[in-house]
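Each reported figure results from applying straightforward, stated rules to the coordinates on display, with no laboratory input. These numbers were taken from a predicted model, which means no experiment stands behind them. As a convention, Cβ positions derive from the backbone with ideal geometry for all residues, glycine included, and neighbour counts pool all protein chains shown.
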Amino acid sequence: MKSIASYVPKNCITNKDFERIIDTSDEWITKRTGIKTRYFADNNEDSSELGVKAANLAISRAGIKVDDIDLVICATLSPDYLSMPSNACLISNRLGIENKPAFDIAAACSGFVYLLSLAKSFIESNAYNNILIVGAEKFSSILDFSDRSTCILFGDGAGAAVIGATNNENERIIDVNISANGKYNDFLMTPRSLGSNLNFSSEFDVSNIQATQSYVKMKGNETFKIAVKTLANDVEEILARNNININDIKYFIPHQANLRIINAVGDIIGIDNSKVVVTVNKYGNTSSASIPMAMDDIYKDGRLKKGDLLLLDAFGGGLTWGSSLLYFNGE
Ligand code: ACO
């Protein structure tokens, strides 16, 4: 990974702000989730725009030119347009990238780890030299602000990285372990978003569709339980198969969904607390952007250094999950 960057929109929403619109309290949100604030994008700031801002910075931090990018892939569950054009095409266009492949993937909160898996395969097959990966979410656009169990959890933001070819063993993505189980598809979903599940005969007029059906619905408690078990197993598996001890990890950067999940997984895998990166308190859950935003937080404050061995772990709707072991190679 040659660089990491992120973009945080400017509107800070506190738990107190939610107290004004739903029956909740700062105390409940803090105790159950660890979240204190999250940031929402402006109305005219789409998820691709958030992605462009992070991507621009990632390219300049990688020390390369826009023309050096061979492929753009974006992970998002809140794209500007549900079917086309993809956010990756919109991001490429605004960056000035032409005639290079660009596409989106849908893996919810596991999106960034899925992107790493794709980038690793493309690089190792010598297909491309520099791949721009972007996780970009405007989660506020799919939140039901009358559902107190979901609307307090999520935030907007974007993270981006440049993955470059290297012959140096200590600069590579060591391994990515991704998986999914569609059996649990109804744990987290947008039941009737204006996407391909729209029934042409009965719902021809899209203005008839209940707006709330486009919003995210979550079986929070069931998701919580399966998240802890899956994330911990996933980490233990990737460490064992690469013969790496948890003590060799410089930073553990899990998906930022809930502080209780992060702490529970940290305890099970036995990692020192000081190595666990936590940003859920500031940004809430920003889905595919959460891991790169967390990485950029420790990059910006000077903690993340070239050569650091990182362990990433994500879990999200689908259900999808994945982990990765990699060296950070940014300057
Ligand atoms: N304020 C006050 N009370 C609330 C709120 C709120 N914002 N939300 C729910 N409650 C109430 C409930 O109504 C319930 O009340 P009751 O006991 O009278 O019925 C009570 O609090 C407990 O509700 P639970 O849902 O059991 O609370 P829980 O401790 O499970 O916390 C939470 C809910 C925070 C959603 C948790 O389940 C969670 O974090 N789940 C996992 C989320 C996750 O990891 N998602 C995956 C990634 S996201 C993605 O892929 C898009």
Checklist entry - Among bridges DSSP assigns within the stretch 3-167, what percent are antiparallel (round to 5)? => result 65 percent
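Given the rule -39500 (n - 2.57) for each run of at least 4 DSSP H residues, summed and divided by the residues of the chain, what is its mean residue ellipticity at 222 nm, to the nearest 500 deg cm²/dmol? It would help to have the intermediate numbers written out before the result.
Working: 10 runs with 103 residues, N = 331.
Theoretical 222 nm ellipticity from helices: -9000 deg cm²/dmol.
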Checklist entry - How big is the stretch 3-167 on each of its three principal axes, counting only the C-alpha atoms and giving the largest first in Å? => result 54, 31, 26
Checklist entry - Dipole of the stretch 3-167, Cα-centred, from +1 at each Lys and Arg C-beta and -1 at each Asp and Glu C-beta, to the nearest 20 debye? => result 420 debye
Checklist entry - Cα centroid distance between the stretch 20-86 and the stretch 238-304, in Å? => result 18 Å
Next on the checklist: In the stretch 3-167, if the dipole is taken from +1 on Lys/Arg beta carbons and -1 on Asp/Glu beta carbons about the Cα centre, which of Ala58, Ser146, Leu118 is farthest to the positive end?
Outcome noted: Ala58
Checklist entry - Of the chain, which part is the longest with no chymotrypsin sites (Phe, Trp or Tyr not before Pro) in a loop (DSSP not H, G, I, E, B) and with at most 10 other C-beta atoms within 10 angstrom? => result 1-199
Checklist outcome for this item: Among Lys183, Lys275, Lys306, the residue with the largest mean-square fluctuation in a Gaussian network model of the chain built from Cα contacts under 10 Å is Lys183
Checklist outcome for this item: Magnitude of the Cβ-charge dipole (Lys and Arg +1, Asp and Glu -1) of the chain about the Cα centre, nearest 20 debye, reported as 500 debye
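If the viscosity is 0.890 mPa s and the temperature 25 °C, what translational diffusion coefficient in µm²/s does Stokes-Einstein give for the chain when Rh comes from Kirkwood over Cα pairs? Mind dumping the intermediate values first?
Values: Rh = 19.8 Å.
Approximately 124 µm²/s, per Stokes-Einstein.
A 28 angstrom limit on the alpha carbon distance is what I want to check against. Which of Lys217/Lys275; Lys138/Lys300; Lys53/Lys120; Lys100/Lys217; Lys2/Lys183 exceed it? Kindly include the intermediate steps, with their values, before the conclusion.
Working: Lys217/Lys275 32 Å; Lys138/Lys300 23 Å; Lys53/Lys120 24 Å; Lys100/Lys217 36 Å; Lys2/Lys183 36 Å.
Correct reply: Lys217/Lys275; Lys100/Lys217; Lys2/Lys183.
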